[in-house]
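In what follows, a structure is listed as structure tokens, so that the remarks can point back to it.
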Amino acid sequence: MAKIHVNTSINGEVVEFLCEPHETLLDVLRNDLQLTGTKEGCASGDCGACSVTVNDALVCSCLVLGVEADGAEIGTIEGVSNKDQLHVIQQKFLEHAALQCGICTPGLVVSTKKLLEENPNPTEEEARYYLAGNLCRCTGYDKIIRAVLDAAETMRGAA
Amino acid sequence: MSEAKQYKYIGTRSIRPDGYDKVTGRANYGADMSLPGMIWGKILRSPHAHAKIKSIDTTKAEALAGVLAVASYADFPSVADEVVASGEGSSNLLDLANNILAKDKVLYHGHAILAIGARTAAIAEQALGLVEIEYEVLKPVLDVNDAMAADAPVLHENMFTQGLAETPTKASNIAARQEFKMGDIEVGFAEADIIVERDFYTPTVHQGYIEPHACTASYDQDGQSMVWCSTQGHFDVRTSTAKLLNLNLNRLKVIASEIGGGFGGKTTVYLEPVALILSRKSGRPVKMIMDRDDVFKASGPGSATRNWVKIGAKKDGTITAMQALLHYEAGAFKGSPVMMGCMTAFTPYAVPNMYVEGYDVVVNKPKVAAYRAPGAPQAEYAAEMVVNEIADKLGIDPIDLRLKNAAKEGTQTIYGPKLKAVGLVECLEAAKNSPHYQAALKENQGRGVAAGFWFNVGGQSSVTLNMNPDGTGTIVEGSPDIGGSRASMQLMAAEELGMPAENLKPIIGDTENVAFSAGTGGSRTTFATGMAVIEAAQDVVRQLKERSAAVWNLTADQIEYQEGETFSGDNRMTVAEICAGAERTGGQITGRGNINARGAGPSFAVHLCDVEVDRDTGKVDVLRYTAVQDAGKAIHPSYVEGQLQGGAAQGIGWALNEEYVYSADGHMENAGFLDYRIPLASDLPMIDAIIVEVPNPFHPFGVRGVGESGIIPPLAATAYAVSQAIGLPITDLPCSPPNVLKVIQDNA
Ligand code: FES
Ligand code: FES
């Protein structure tokens, strides 16, 4: 099968790649572009480990085709921190011990960032429902939710 | 003894040393390793639950452009009928090989048959579709009751029940029977004023780690091989893989990647030997990743069980006798954790008369693997449900009833030793005094209490602590860090050396740069590997004193060490000064800790759960949850709380929703996270974690493992809360909406 040429932007950088028509954006990111921060937990849209933004919409990259990135702006976990400066959300995840194994963390950080853009002052319940698509098997979510709410408060204070 | 001790680093909530990489996506997990020239391996899995393989034809698959190798059972050098230890259990090598690639019979839906290595994953997948296999389909057995029936189809023609007075001559699906007893239950039941007995069912459940099994392997022509994989024990991966492929241990390097959850499920091998075979045959590095469907169908879940429990008590709540009959599914090959079930079922109780009988039964489901306190949740679920029912019937508070009968220091266990210092009473009191226990309930709400016991294990751990010329150090340990254990190692070394934690960097060495260490399982890492870290730190201190003595022309016993400095009289040197001068005093300093840790302290847990049940739909909402557990000494309280909360969440999932659903012909029908529903953020409340600290007398800081006990109480705490809310007994898990609705409707 002929590969397709895709022009896109990832975390603000211009990126071109060739991909098979059936390849998912997740596969392209991980296998072709070596952006392995985005994780695969299910490849069926059920776990959120592969969360990225496409044109500012939060999506499961396992449910998006690589070719759909053409002309779009993609945001991944690799673009959340500012060079050597962690994002407040990342800092709060560390302070609250909101990760154990950490495989869910990139997806949760990306989703939380989007949550707080849309709703800078979520209630616990709003945070729980917004993040319901991001499975974590290790933590029971307690510390994740605390980290998210604390990050929200800190970001509101800074804004 | 550690009670009175004030610590400087231990007990603080430091930022974990591996955290930065994990929140930025830089940490490399099982699937994140690629090598130049690498190809992809995919596995062909059985569409049948039970069938003979009559023929396999790979001609067309091998002819496909881009296909570079095929692996099957025949590629294993002759495998010995021997047992190898791995994780919390052990497996027979023949069974292990047969599970990794079926020999002549497939024993469950998803059983691996052969593997294909190809230039891309898509080509490998396409080639699998070209393999032609002829099966003779057999009737499956999917439940212990069916498997134990006299006329049941037999999985293994050469399996004869072990543990009977006389080994039978007829093969059956009952792999083994065992019993544990103390006192005389007949006498005990005769003393009882009340006796309650019930049958319970718990379904097959999965650990549900978010990261699927994955590895990258490279077999070199000079016979030096490398496996990079996500595992709880890379030394165990090396042992099993080397045995299966007939390699010397020094020819196989296993590197543990970061691990995305395991909970016991990553203590054995599935892909690693296959990837190495494909690599040998293709001459290329090979990457293999299970997809989620594979993980559910063909990795090792936790046993489904059918258990019967009978308990007798006096009017005042004194329990006089406890009896259980346990049946655990092992999956397709023998070796369920039923023995652990027998040993743990009644251990929270100091009762003189106990009898437990257990059966290990094979069925046409994937071979079970360890799952967090393997075997304990199922048996303790049944026991705790009956204890609660007795408390209710006697009109005694369920915590008071437990306090009256609680196991404590000196209590005789059914499995042999007497308990040393343990914290069950303290946990029960903390639960009783918690605000949660005082809170009132409303209509359609219920509260459940349950206790849990897990032994914890010790075992071998090796650590080297390499001091750098600037006085900082690198802690090289061999236990994969699954939940923040590097942070604990760092704190323990900092405490012992009196040095800032950030000056000590813990890393997980591969099988070549640290000596053998048992895997991360049995809640052993902070306990046992922690002891090795302490020993290595003490070894460093010893050498720091020797070096200082050499400089000051004194003997080592004249030197004191404190807070990162040696001193004697007016002489003083910092660790940095000693290390900087090490080239003049005999070269650099390395501390060693190689131990086989004994004295793992059991950890008891007590949980409280409040639920509300919608009587029209059967849906259960968890309203409030409290997990109390004895940590001995919490080295890093946040990660201890995390273990309590995570265990509780998994147990709640087990109680409320999780189960393998099979069709009558043995197809697993819910092999995905949509239909096998683990708890979501929106399903749970905050989980209050209360850490109790009754020091383990056998650990320098008093540590007890905390990883496992927390998954035990939620099953009964949650299910009993449901039964309280609806006013009807619950026996079968999960308490999913249809199941709860059925209980309500059947009793309407
Ligand atoms: S990998 Fe995309 S949702 Fe799970
Ligand atoms: S920290 Fe392991 S899955 Fe979330």
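Any idea which residue in segment A:1-35 is nearest to A:Val110 (Cα to Cα), counting only those that are in contact (Cβ under 8 Å) with a residue 60 or more places away in the chain and not in a loop (DSSP other than H, G, I, E, B)? Only one residue tops the list, namely A:Ile10.
Table: residues versus (1) in a loop (DSSP other than H, G, I, E, B); (2) within 23 Å of the chain's Cα centre (by Cα); (3) surrounded by 21 or more Cβ atoms within 10 Å (Cβ to Cβ).
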| residue | (1), (2), (3) |
| --- | --- |
| B:Thr511 | yes, yes, yes |
| B:Ala518 | yes, yes, yes |
| B:Ala528 | no, yes, yes |
| B:Ala532 | no, yes, yes |
| B:Asp539 | no, no, no |
| B:Thr566 | no, no, yes |
| B:Arg572 | no, no, no |
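Conditions (1) more than 25 Å from A:Ile10 (Cα to Cα); (2) assigned by TED's automatic domain parsing to the domain that holds A:Gly37; (3) among the acidic types (Asp, Glu); (4) surrounded by fewer than 23 Cβ atoms within 10 Å (Cβ to Cβ), marked per residue:
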position	(1), (2), (3), (4)
A:Gly71	no, yes, no, yes
A:Glu95	yes, no, yes, yes
A:Glu118	no, no, yes, yes
A:Cys136	yes, no, no, no
A:Tyr141	yes, no, no, no
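Within segment A:51-59, the presence of at least one residue that is at pLDDT 95 or above and within 16 Å of ligand 2 (Cβ to nearest atom) is confirmed.
All but one of (1) crowded, with 24+ Cβ neighbours inside 10 Å; (2) in the same structural domain as B:Asp683 (by TED's automatic domain parsing) hold for B:Thr617; which doesn't? Among (1) crowded, with 24+ Cβ neighbours inside 10 Å; (2) in the same structural domain as B:Asp683 (by TED's automatic domain parsing), B:Thr617 violates only (1). Criterion first (away from chain A (no Cβ under 14 Å), in contact with a strand residue (DSSP E or B) (Cβ under 8 Å, 6 or more places away or on another chain) and either among the polar types (S, T, N, Q) or surrounded by fewer than 20 Cβ atoms within 10 Å (Cβ to Cβ) (or both)) does B:Lys54 satisfy it? Yes; evaluated as a whole, the condition is true for this residue.
This table checks each residue for (1) in contact with a Ser or Thr (Cβ under 9 Å, 6 or more places away or on another chain); (2) of a type outside the set (Gly, Ala, Ser); (3) under 26 Å from B:Ser638 (Cα atoms).
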| residue | (1), (2), (3) |
| --- | --- |
| A:Ser61 | yes, no, no |
| A:Ala98 | yes, no, yes |
| A:Glu125 | yes, yes, yes |
| A:Tyr129 | yes, yes, yes |
| A:Gly140 | no, no, yes |
| A:Ile144 | yes, yes, yes |
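A:Glu68 meets all of the listed conditions (1) more than 29 Å from B:Leu35 (Cβ to Cβ); (2) more than 7 Å from every other protein chain (Cβ to nearest Cβ); (3) in contact (Cβ under 8 Å) with a residue 60 or more places away in the chain but one, namely (3). The sole residue among B:Ser682, B:Ser736, B:Ser709 that is free of Cβ contacts under 8 Å to residues at least 60 places away in the same chain and either outside the structural domain of B:Met489 (by TED's automatic domain parsing) or closer than 23 Å to A:Ala132 by Cβ (or both) is B:Ser682. Within segment A:36-65, the set of residues being crowded, with 21+ Cβ neighbours inside 10 Å, free of Cβ contacts under 8 Å to residues at least 60 places away in the same chain, at the interface with chain B (Cβ under 8 Å from one of its Cβ atoms) and more than 6 Å from ligand 1 (Cβ to nearest atom) comprises just one member, A:Thr36.
Can you report the number of residues in segment B:27-50 which are touching a Pro at 6+ places or on another chain (Cβ under 6 Å) and under 20 Å from B:Ile100 (Cα atoms)? So the answer is 2.
Within the bounds of segment B:174-182, is there any residue that is within 16 Å of ligand 2 (Cβ to nearest atom) and either out of contact with any helix residue (DSSP H, G or I) (no Cβ under 6 Å at 6 or more places or on another chain) or not assigned by TED's automatic domain parsing to the domain that holds B:Phe673 (or both)? Within segment B:174-182 (the criterion being within 16 Å of ligand 2 (Cβ to nearest atom) and either out of contact with any helix residue (DSSP H, G or I) (no Cβ under 6 Å at 6 or more places or on another chain) or not assigned by TED's automatic domain parsing to the domain that holds B:Phe673 (or both)), the answer is no, since none of the residues qualifies. Scanning segment B:680-709 for residues that are surrounded by fewer than 22 Cβ atoms within 10 Å (Cβ to Cβ), more than 25 Å from B:Glu384 (Cα to Cα) and within 12 Å of chain A (Cβ to nearest Cβ) yields a total of 2.
Can you spot a residue in segment A:75-89 that is over 15 Å from the mean Cα position of the chain (by Cα), at the interface with chain B (Cβ under 9 Å from one of its Cβ atoms) and among the charged types (D, E, K, R)? Checked against the condition, which is being over 15 Å from the mean Cα position of the chain (by Cα), at the interface with chain B (Cβ under 9 Å from one of its Cβ atoms) and among the charged types (D, E, K, R), segment A:75-89 yields no hits at all. For segment A:96-152, the set of residues classified as more than 13 Å from ligand 2 (Cβ to nearest atom) and aliphatic (A, V, I, L, M) consists of A:Val110, A:Leu115, A:Leu116, A:Ala127, A:Ala132, A:Val148, A:Leu149, A:Ala151, A:Ala152, listed by residue number. Can you tell me how many residues within segment B:7-34 are closer than 29 Å to B:Gly702 by Cα and within 9 Å of chain A (Cβ to nearest Cβ)? Qualifying residue count, segment B:7-34: 5.
Conditions tested, residue by residue: (1) more than 16 Å from ligand 1 (Cβ to nearest atom); (2) charged (D, E, K, R); (3) in the same structural domain as B:Gly341 (by TED's automatic domain parsing).
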| site | (1), (2), (3) |
| --- | --- |
| B:Leu245 | yes, no, no |
| B:Val274 | yes, no, no |
| B:Ile277 | yes, no, no |
| B:Gly283 | yes, no, no |
| B:Asp293 | no, yes, no |
| B:Ile319 | yes, no, yes |
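Out of segment A:123-134, which residues are away from ligand 1 (no atom under 16 Å from the Cβ) and either in the same structural domain as A:Asp46 (by TED's automatic domain parsing) or surrounded by fewer than 19 Cβ atoms within 10 Å (Cβ to Cβ) (or both)? Within segment A:123-134, A:Thr123, A:Glu124, A:Glu125, A:Glu126, A:Tyr129 meet the criteria.
So which residues in segment A:82-122 are aliphatic (A, V, I, L, M), out of contact with any Lys or Arg (no Cβ under 8 Å at 6 or more places or on another chain) and within 16 Å of ligand 1 (Cβ to nearest atom), if there are any at all?
A:Leu108, A:Val109, A:Val110, listed by residue number.
Restricting B:Arg615, B:Arg624, B:Arg677 to residues that are among the charged types (D, E, K, R) and either away from chain A (no Cβ under 14 Å) or within 30 Å of B:Lys545 (Cα to Cα) (or both) narrows the list to B:Arg615. A:Thr8 falls short of the stated requirement of being buried (at least 21 other Cβ atoms within 10 Å of the Cβ), more than 7 Å from ligand 1 (Cβ to nearest atom) and under 18 Å from A:Gly102 (Cα atoms). Checking each residue in segment B:183-229 for being more than 26 Å from B:Tyr720 (Cα to Cα), within 14 Å of chain A (Cβ to nearest Cβ) and not β-branched (Val, Ile, Thr) picks out B:Tyr209, B:Glu211, B:Pro212, B:His213, B:Ala214, B:Trp228. Taking every residue in segment B:267-294 that is within 14 Å of another protein chain (Cβ to nearest Cβ) and outside any helix (DSSP H, G or I) and pairing it with any residue that is β-branched (Val, Ile, Thr) and away from ligand 1 (no atom under 16 Å from the Cβ), at least 6 positions away or on another chain, the pairs with Cβ-Cβ distances below 6 Å are B:Lys287/B:Thr216.
When B:Ile482, B:Ile507 are checked against the criterion of being of a type outside the set (S, T, N, Q), surrounded by fewer than 24 Cβ atoms within 10 Å (Cβ to Cβ) and under 22 Å from the mean Cα position of the chain (by Cα), a single residue qualifies: B:Ile507.
Any idea which of (1) surrounded by fewer than 22 Cβ atoms within 10 Å (Cβ to Cβ); (2) over 30 Å from B:Gln232 (Cα atoms) is the one B:Arg402 doesn't satisfy? Unmet condition: (1).
The values are calculated or read from the model by the stated rules, or taken from the named source; none is laboratory data. Bear in mind that the values here come from a model prediction, so they are computed numbers and not experimental data. Note: ideal-geometry Cβ built from the backbone for every residue, glycine included; neighbour counts use all protein chains shown.
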